[in-house]
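This report concerns only the one structure given below.
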Amino acid sequence: MWVRRVRRPAVSALRSLFGLNGVADATWAVRTDVQRIIDSQGANTAAIATVVRQLSELRTEIANQRERSVNEAITQANGLPLDQAPRMQMETDWPAADVERLWNHVATTWNNLGVKDPYWSVLVSDEFRLDKVDAKGLERFFASGEHDIDRMHSWFARQGRAIPFSGTLAEYGCGVGRLTATVARQFARVKAFDISRSHLRICQDRLDSQRFTNAELIHVSDFQSLERLAGYDVFYSVIVLQHNPPPLIAAIIRQALRGLNPGGYAFFQVPTYAQGYRFDLEEYVGRLGAGTIGSEAMEMHFLPQETIFRLIAECASIVLEVQPDHCIGNYGDWISNTFFVQKRYCT
């Protein structure tokens, strides 16, 4: 009888913890319950000791809940909750032969997506599904690209850099051309690269319909064709590199910076951290061989900032600015960064 009656107030107070406003209200609920037991049962030492123990446990739970609430508030306010997170598990010494095999896998995956759901594969929203999107939806889809380019303009302005509109812009991962027409209106020449031939066909149709003649579409059909990424004054790639395994992200960034004209600029986005993410090349290649990684699934990958900074230094470029961005989801567990880089010279 005593055990049942003594335990009930603690349960009530635990419920109060989540139903009342703050620690003070929850504590007051516990205090009230304890006083009621004392008044009704008298100074029974065993009963009071039990309640005191339960009160101590509840106090610990209240403190833990308060700490979780503070952490959540910090996360929401700053968007940077991972400053004490552990290192991602990833080797960065990748054999070229295995890297090329990854390229073939990514090419197959994105060509399939380009056939089955080209607009959704670029902006993941149900309104852009191939069986749902209408003329107004496509208008919103392509208009969204203007905002992204305006964002790049802001970075140039913040750094006091003039945008080289009279030069060439290289867009890596042009897809169906969400941005391509916008940059073709602004720059003298555009080189638009993509790994998916099916996406490129839609991009070409859109450019033709708007009578653009200053944009060259380039199919990066294999790993060697990355060498065509050369001879431009601005490199641009956003929400693209993340869908490649880390060795390919690194290879693309390296070639993009090597191909940048001296004094040119690179503006690109890469997810740089994820809680629990790990990448083992041998294991990944083994899964490809076993068929456990599908050729129609959109993957999300990460490359540490440390590796990106090393690649930038290797091509004698400098970081003008790097900022966290909102280009990926899972805020609180994932971090994505946008990098603004200038090329000096290449060794």
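Please identify the pairs in which a residue from segment 197-210 that is surrounded by 17 or more Cβ atoms within 10 Å (Cβ to Cβ) has its Cβ atom under 8 Å from the Cβ atom of a residue that is of a type in the set (D, E, K, R), counting only partners at least 6 apart or on another chain. Pairs found: Leu200/Asp194; Cys203/Asp194. Inspect all residues belonging to segment 233-255 and state whether any of them is at pLDDT 95 or above, buried (at least 16 other Cβ atoms within 10 Å of the Cβ) and acidic (Asp, Glu). The answer is yes, given that some residue of segment 233-255 is at pLDDT 95 or above, buried (at least 16 other Cβ atoms within 10 Å of the Cβ) and acidic (Asp, Glu). Considering only residues in segment 304-347 that are of a type in the set (Ser, Thr, Tyr) and in contact with an Asp or Glu (Cβ under 6 Å, 6 or more places away or on another chain), the one that is farthest from Phe268 (Cα to Cα) turns out to be Ser336. In this structure, Gln224 does not qualify as under 19 Å from Asp148 (Cβ atoms) and surrounded by fewer than 22 Cβ atoms within 10 Å (Cβ to Cβ). Of all residues in segment 112-142, those satisfying the criterion of being in contact with a Lys or Arg (Cβ under 7 Å, 6 or more places away or on another chain) and aromatic (Phe, Trp, Tyr) are Trp120, Phe141, Phe142. In segment 133-143, what residues are loosely packed, with under 13 Cβ neighbours inside 10 Å and in a loop (DSSP other than H, G, I, E, B)? Listed by number, the list holds a single entry, Asp134.
Results for (1) in a helix (DSSP H, G or I); (2) free of Cβ contacts under 8 Å to residues at least 60 places away in the same chain, shown as yes or no for each residue.
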position: Arg254; (1), (2): yes, no
position: Leu257; (1), (2): yes, no
position: Phe268; (1), (2): no, no
position: Tyr284; (1), (2): yes, no
position: Thr307; (1), (2): yes, no
position: Arg310; (1), (2): yes, yes
position: Val341; (1), (2): no, no
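Evaluate the following for Phe165: is it hydrophobic (A, V, I, L, M, F, W, C), farther than 22 Å from Ile249 by Cα and touching a residue at least 24 places away in the same chain (Cβ under 8 Å)? The answer is no for Phe165. Look at Arg161 and say whether it is out of contact with any Cys (no Cβ under 8 Å at 6 or more places or on another chain) and part of a loop (DSSP other than H, G, I, E, B). It is true that Arg161 is out of contact with any Cys (no Cβ under 8 Å at 6 or more places or on another chain) and part of a loop (DSSP other than H, G, I, E, B). Please name all residue pairs, on different chains or six or more residues apart, with Cβ atoms under 9 Å, provided the first residue is in segment 98-116 and is within 12 Å of Ile195 (Cα to Cα) and the second residue is in a helix (DSSP H, G or I) and polar (S, T, N, Q). From segment 98-116, the pairs are Trp110/Ser121; Trp110/Ser198; Asn111/Ser198; Asn112/Ser198; Leu113/Ser121; Leu113/Ser198; Gly114/Ser121; Gly114/Ser198.
The values are calculated or read from the model by the stated rules, or taken from the named source; none is laboratory data. Small disclaimer: the values here were computed from a predicted structure and weren't measured. Reconstructed Cβ throughout: ideal geometry from the backbone, glycine too, with neighbour counts over all protein chains shown.
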